[in-house]
Structure formats: C-alpha cells, structure tokens
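Data first, discussion second: the structure below is written as structure tokens.
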Amino acid sequence: MAEPLLRVRDLVTTYPIRSALLRRKIGEVRAVDGVSFDIARGQTVGLVGESGSGKSTLARTVIGLEQAEAGSIEFQGTELVGLSARQMRPVRRDIQMVFQDPYTALNPRLTVRQILSEAWRIHPDLLPAQDWDEEVRRLLDVVGLDPQYADRYPHQFSGGQRQRVGIARALAVRPKLIVCDEAVSALDVSVQAQVLNLLDDLQAELGLTYLFIAHDLSVVRHISDEVIVMNRGQVVEHAPTDQLFADPQHEYTQTLLAAVPVVRPWNQESAA
C-alpha cells in the first residue's frame, strides 16, 4: 500500500483548567484523547461528532494552531509534533485550512487581491511578483468568481462568495491537504451544495486531499470516502462511508444516525 499523506497516531491535545483566583492550573481537559487515523492521497475523510467532541481541536492540532501534548503527526513522512514555528513554515504551504465562518475568516481591511497576494508575500519563492495579478484572476475564476471582483472588500460579498474567496486563499499556496472545518455550516442549503460541488471539482482537477469536518451527516455522506466518528475526544468508529451509514457498529454512531431528520412525503389522507 502507498504511504498515507497524513498519519496521526495516539494524538493528545489538552486545555488547562485554571482557578478563578490567581489563575493557577488545577486540572486539564483532554479535548483530543489518543486519536489515530490515516488519510490517503486524493481521499476525503469526513470527521463527525456533536459539539465539544474534539473535532475542531483535532483539526487545529493537525495544522499546528494547537500544540499536541503527546502522539505523532506525520505529513508526507515528516514528523510535525515538536517542530518550531520556523520549521513549520514550509509545511504550512502544503496544509491549508478553510474556516467555518466566512464572515470573520477574511480580513475586512484587505481587498480580495491583497488577501490572495498575502500568501506569496510570506512565501516569495512560490510566485514572482509580476505574475501575482494574473494568478489572482486565475484563482477567482477557478472558484467561480468574476476576476473583476479582485478589488472588492469582503463585506461586498455574500456568505457563499466569501467562502469561495477562503477556498481561493487556501489554493494560493498550492497545498496538498485542505482541512475544511465546518466550511459549509454557516451557508444556506443551496449555497452549501454549490460549495460542495466546487470542492469535488477542485479535488478531481488538482488531486487535493481533504479532512472535512461537519456536524451535518448528510453533507459528510455526500463528500467523504471514509468517515471518522468522534466522541469525547476519542475515535469511536472509522469506516468507509457507505459501510458506516449502512451498518454503524458503535452505539454512539447509531445514535447520531438515528437523530438525522427523515423527510417523508405529505400524506393528505392521514392528515385528514
């Protein structure tokens, strides 16, 4: 078997509990508690669980926004746990994140052109400055936005358009893995479908790999090849998508699936 793009083993991430007086540490919460999984290249792995299950903390730990207490994160065979910020910089080009709220994820003081160009200022070897304008136009076209919008500010866009800008920003550094943290949960259902189709198309065209976090099981079922179910910081089930939805093994997974609303056709006779 080919080496996985991302390999996580026994990952632990904790948050301190501090006293109200003097802010001394009196305990800790294990938000991620011994999690292990692999993601193959070109695959989409869905990550589900109720609020507080540790999904977002896991995502933030994988990309280096949170510090792991223990365990291992290997990306393309390189161990990430323990790397300094300087050592992580080249890795960040290959792992990008699309955040949940498109209204707060973009700097309101910058135009779309400036938002996308910021990546090339940080990584100047990626693209010569004379090519920035052309690449901005290309990225906007790729995510389905008019290139003429490049000099608009975030407040001039709808929620779905802002999320497309967020996706364009992630693509600007030509990543291999994109972590989508509730990337469509703040959008209307019709806009969700557009963004999900866009992510599918980009994966097929660019060979991207996704870790897709959501609480909406229907969304996860639509986009994922495999699904990881988390509860209280631990993985309770991990299976191919069709298998998990057809025959969930863990009681918690069964409870999640049982809670999904079922749409039934209106029966006028029974209503009468």
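Values quoted throughout were computed directly from the atomic coordinates according to the rules given, and no laboratory measurement underlies them. Keep in mind the model is a prediction, meaning the values are calculated, not measured. Counting neighbours? That spans all protein chains shown, and the Cβs are built from the backbone with ideal geometry, glycine included.
Some observations on this one:
- log₁₀ of I(q)/I(0) at q = 0.14, 0.26, 0.27 Å⁻¹ - segment 5-83, Debye sum with one point per alpha carbon: -0.50, -1.29, -1.35
- Remark on segment 49-91: ratio of C-alpha radius of gyration to 2.2 N^0.38 Å is 1.23.
- Hydrodynamic radius of segment 139-202 per Kirkwood, over alpha carbon pairs, in Å: 12.2 Å
- Spacing of the modelled spin labels on Asp141 and Ala40, each 7 Å from Cα toward Cβ, amounts to 3.4 nm.
- Size of segment 169-231: Rg and Dmax of its alpha carbons, in Å, are 11.7, 34.
- Whole-angstrom Cα spans of segment 122-272 along principal axes, big to small: 65, 42, 27
- For segment 110-242, the antiparallel share of DSSP beta bridges with both residues in that region comes to about 55%.
- Gain on full stretching of the segment that runs from Gln114 to Ala20 - 0.36 nm per residue minus C-alpha separation: 29.6 nm
- Between the beta carbons of Glu50 and Ala85, assuming R0 = 41 Å, the FRET efficiency works out to 0.80 to the nearest 0.05.
- Over segment 99-165, all Cα pairs binned in 5 Å intervals from 0 give whole-percent P(r) values of 3, 18, 29, 25, 17, 6, 1, listed from short to long.
- Shown here: the chain, whose C-alpha atoms stretch 61, 59, 51 Å along the first, second and third principal axes, sorted largest to smallest.
- Mean separation of Cα contacts under 8 Å (6+ apart) over length of segment 1-111, as relative contact order %: 29 percent
- Residue list for segment 140-184, given a label point 7 angstrom along the Cα-to-Cβ vector of Tyr103 and an amide N cut-off under 20 Å: 153-167, 181-184
- Sorted largest first, the spans of the alpha carbon positions of segment 1-144 along the three principal axes are 54, 48, 31 Å.
- When peptides 35-46, 170-181 are ranked by their average number of other Cβ atoms within 10 Å per residue, the highest-first order is 170-181, 35-46.
- Stretching Ala258 away from Arg152 to a fully extended chain increases their span by 33.7 nm, per 0.36 nm per residue minus the current alpha-carbon distance.
- More than 14 Å apart - percent of Cα-Cα pairs taken over segment 21-66: 64 percent
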